[in-house]
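**Student:** My questions will all concern the structure given below.
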Amino acid sequence: MEEINPLEEQIPRQRLKILCTLTFIYSSIVGFFALILMLLAKPFLEYLGENFEVLTSNMSEAQVKQLQIFLDLGSGKLIVGSGTYLLILGLSFFGALQMKQGKYKGFIMYLIANIFFLLSNILSLNILMFIFDIVFIALYFRQSKFLKR
């Protein structure tokens, strides 16, 4: 029977711990700003509407169109969108927390949440975040064999 070196057993746990810590940091920062946007959506959109001319004076035509689309959404849709984003982000965070505790179901939760982020990023043509999502899913997948099922 092959003996497992305690050092070899600690390396995957350390990698998983680093991945989880990075996920916690990212989720906390992004979640904070999504929560602020959700709470301050109405005053933020009012400010943008009142200062539209000043803000768009140095913008390109494409940027002005994007800002106008953003303003046309309204605070209700912005609040619902931010809330939905926070729920998915919370599932990702909770999945990483479960994986840090060594549970395989945490990987499934993380995977479900990040498939939503993956689809969102590909639909919005956000290639950089799409690549980050793929990399983190792959890194967590490599570590999932060390989790308890």
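The values are calculated or read from the model by the stated rules, or taken from the named source; none is laboratory data. Just so we're clear, the structure is a prediction, and the values are computed from it rather than from any experiment. Every residue, glycine among them, receives a Cβ derived from its backbone with ideal geometry; neighbour counts consider all protein chains shown. Calculation scope for accessible area: heavy atoms of the full protein, side chains included, ligands and nucleic acids excluded. Shrake-Rupley method; radii C 1.70, N 1.55, O 1.52, S 1.80 Å.
**Student:** Kindly provide the set of residues from region 1-23 that are at pLDDT below 85 and either open to solvent by 100 Å² or more (accessible area, probe 1.4 Å) or of a type in the set (Lys, Arg) (or both), ordered by number.
**Tutor:** Result: MET1, GLU2, GLU3, ILE4, LEU7, GLU8, GLU9, GLN10, ARG13.
**Student:** Pairs, please: C-beta under 6 Å, at least 6 apart or cross-chain, first residue at negative phi and in region 85-106, second aromatic (Phe, Trp, Tyr) and open to solvent by less than 40 Å² (accessible area, probe 1.4 Å)?
**Tutor:** Pairs found: SER92/TYR110; GLY95/TYR110; ALA96/TYR110; MET99/PHE107.
**Student:** Sort out which residues of region 24-44 are among the hydroxyl-bearing types (Ser, Thr, Tyr) and open to solvent by 50 Å² or more (accessible area, probe 1.4 Å), and write them in order of number.
**Tutor:** Of everything in region 24-44, those that are among the hydroxyl-bearing types (Ser, Thr, Tyr) and open to solvent by 50 Å² or more (accessible area, probe 1.4 Å) turn out to be TYR26, SER28.
**Student:** Applying the selection to region 120-141, what residues are without any contact (Cβ under 8 Å) to a residue 12 or more places away in the chain and either over 12 Å from the mean Cα position of the chain (by Cα) or under 15 Å from TYR26 (Cα atoms) (or both)?
**Tutor:** ILE122, LEU123, SER124, LEU125, ASN126, ILE127, LEU128, ILE131, PHE132, VAL135, ALA138
**Student:** Filter region 121-149 down to residues that are closer than 30 Å to GLN66 by Cβ and assigned to a helix (DSSP H, G or I), then give me how many there are.
**Tutor:** Matching residues across region 121-149 total 14.
**Student:** Looking at region 53-100, which of the residues that are touching a Ser or Thr at 6+ places or on another chain (Cβ under 9 Å) and of a type in the set (Ser, Thr, Tyr) is surrounded by the fewest Cβ atoms within 10 Å (Cβ to Cβ)?
**Tutor:** TYR85
**Student:** Taking region 112-124, which residues are surrounded by fewer than 17 Cβ atoms within 10 Å (Cβ to Cβ) and at pLDDT 90 or above? Don't jump to the end; show me each part of the working.
**Tutor:** At the first step, the residues of region 112-124 found to be surrounded by fewer than 17 Cβ atoms within 10 Å (Cβ to Cβ) are 112, 115, 119-120, 122-124.
Correct list: ILE112, ILE115, LEU119, SER120, ILE122, LEU123.
**Student:** Return yes or no: is LYS145 basic (Lys, Arg), surrounded by 12 or more Cβ atoms within 10 Å (Cβ to Cβ) and farther than 15 Å from GLY31 by Cβ?
**Tutor:** no
**Student:** Please verify whether TYR47 is within 21 Å of the chain's Cα centre (by Cα), open to solvent by 60 Å² or more (accessible area, probe 1.4 Å) and among the hydroxyl-bearing types (Ser, Thr, Tyr), treating the condition exactly as stated.
**Tutor:** Spelling it out, it is not the case that TYR47 is within 21 Å of the chain's Cα centre (by Cα), open to solvent by 60 Å² or more (accessible area, probe 1.4 Å) and among the hydroxyl-bearing types (Ser, Thr, Tyr).
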